[in-house]
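Below is one structure, written out as structure tokens; comments come after it.
Since every read-out is calculated from the coordinates, none of them should be taken as a lab result. Keep in mind that what you see is a predicted model, and the values were worked out from it rather than measured. FYI the Cβ positions are ideal-geometry reconstructions off the backbone, even for glycines, and counts take in every protein chain you see.
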């Protein structure tokens, strides 16, 4: 096996392959940008572990990514009860 064959896939190829494995369409470039923004807001507002979990929560909740970013930017400035109402 050559070094090229052993090389890890780039992020785009990995995401495409993972999406196929899960049976969903990979995010568009715009969706990926928004997911990364959501992850950045979560990580910079808390700890790095919050980034993937915030993306999971937004997806699980079926929340529009722009709305998820807006909500994430408000975390810490409102209580959980305020955000739910």
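Treating r as the C-beta distance of residue 75 and residue 33 and R0 as 25 Å, the FRET efficiency rounds to 0.75. Considered as an equivalent ellipsoid built on the Cα gyration tensor, the range 3-84 has semi-axes of 29, 14, 10 Å, the largest given first.
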